[in-house]
Amino acid sequence: MSAQPLIKIALTDDHPIVIEGIRNLLLQQAGLKVMATYTNGSDLLAGLQQTLPDILLLDIHLPDMTGNEIVRIISKLYPELQIIALTSVDNVFDVKDMMQNGCSGYLLKSSPLPMLVDAINRVYNGEQFVAPNLKEQLVESLLRNNTAKPSNLKLTQREETLLTLLSEGKTNNEIAAKLFLSHRTIENNRLSLYQKLGVRNTASLIKVALQKGLIQ
């Protein structure tokens with residue numbers, strides 16, 4: 001009987017205490033080895049050039065890069081590396097976007113340890129894994145999008161301001177500085193706009209906003 005393969009894992013999160021907690025939990029599991037940890041996207045990409053794990057557990061909101069940016073880069077450079085989004089964000093839009101851009105799994109940090117271990121093993125063996133409650137929301141969202149178009153859009157004042165600034169070509173960092181908000185807050189509001197208008201990128205966002213008269 002052959003021995004169980006050792007699954008090498010890298011963990012990326014901008015909170016060291018989260019990294020330490022997850023690493024300590026995984027160290028107790030047979031067949032899993034946390035070989036590297038990173039707190040931002042730049043260090044992660046640099047580290048992957050030196051050592052490539054089997055599975056990457058990735059927080060989708062890092063200080064210097066978005067999860068989608070990282071996934072697209074990794075999928076192109078290291079197609080054999082399997083990525084599981086491990087996040088506190090339970091937004092269906094994020095689930096769809098991350099999976100479409102190259103993630104093999106999507107899991108919440110509040111998930112029980114057995115579910116995380118199960119997700120790692122399934123993804124390692126070529127399957128996809130989405131937390132059951134998120135999968136239900138995902139199916140409902142897909143059904144809803146197939147039968148209805150967005151109507152009676154209600155944007156918050158901050159979303160309206162963000163939409164105007166995006167239409168002027170401002171970057172997230174420029175907008176964050178102008179509004180005295182964090183990069184993460186701007187990113188979350190931008191993703192909220194994507195969801196409300198049913199788009200996946202800024203170019204489509206501006207196009208739809210013009211069509212609906214939300215910007216001039």
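The values are calculated or read from the model by the stated rules, or taken from the named source; none is laboratory data. Given the structure is predicted, the values throughout are model-derived calculations rather than measurements. For neighbour counting, all protein chains shown are included, and Cβ atoms are generated from backbone atoms with ideal geometry for every residue, glycine included.
Go through (1) modelled with pLDDT under 85; (2) closer than 19 Å to Val89 by Cβ; (3) polar (S, T, N, Q) one by one and return the number of the condition Asn152 breaks.
(2)
Kindly evaluate Arg190 against the criterion of being part of a loop (DSSP other than H, G, I, E, B) and of a type in the set (Lys, Arg).
On the way: part of a loop (DSSP other than H, G, I, E, B): no; of a type in the set (Lys, Arg): yes.
Taking the combined requirement at face value, the residue does not satisfy it.
Go through (1) more than 21 Å from the chain's Cα centre (by Cα); (2) loosely packed, with under 13 Cβ neighbours inside 10 Å; (3) among the small types (Gly, Ala, Ser) one by one and return the number of the condition Gly31 breaks.
Status for Gly31: all satisfied but (2).
So Leu62 fits all but one of (1) within 15 Å of Leu77 (Cβ to Cβ); (2) touching an Asp or Glu at 6+ places or on another chain (Cβ under 8 Å); (3) of a type in the set (A, V, I, L, M); what number is the exception?
(1)
Residues checked against (1) closer than 30 Å to Leu197 by Cβ; (2) touching a strand residue (DSSP E or B) at 6+ places or on another chain (Cβ under 7 Å); (3) in contact (Cβ under 8 Å) with a residue 12 or more places away in the chain; (4) part of a loop (DSSP other than H, G, I, E, B):
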site: Ile19; (1), (2), (3), (4): no, yes, yes, no
site: Leu25; (1), (2), (3), (4): no, no, yes, no
site: Lys33; (1), (2), (3), (4): no, yes, yes, no
site: Ile70; (1), (2), (3), (4): yes, yes, yes, no
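From the set of residues in segment 83-114 that are part of a loop (DSSP other than H, G, I, E, B) and among the hydroxyl-bearing types (Ser, Thr, Tyr), which is surrounded by the most Cβ atoms within 10 Å (Cβ to Cβ)?
Applying the first criterion (part of a loop (DSSP other than H, G, I, E, B)) to segment 83-114 yields 88-91, 102-104, 109-112.
Next, only the ones that are among the hydroxyl-bearing types (Ser, Thr, Tyr) stay: 88, 104, 110-111.
On the way: Ser88: 11, Ser104: 22, Ser110: 9, Ser111: 16.
Looking at the filtered set, the residue picked out is Ser104.
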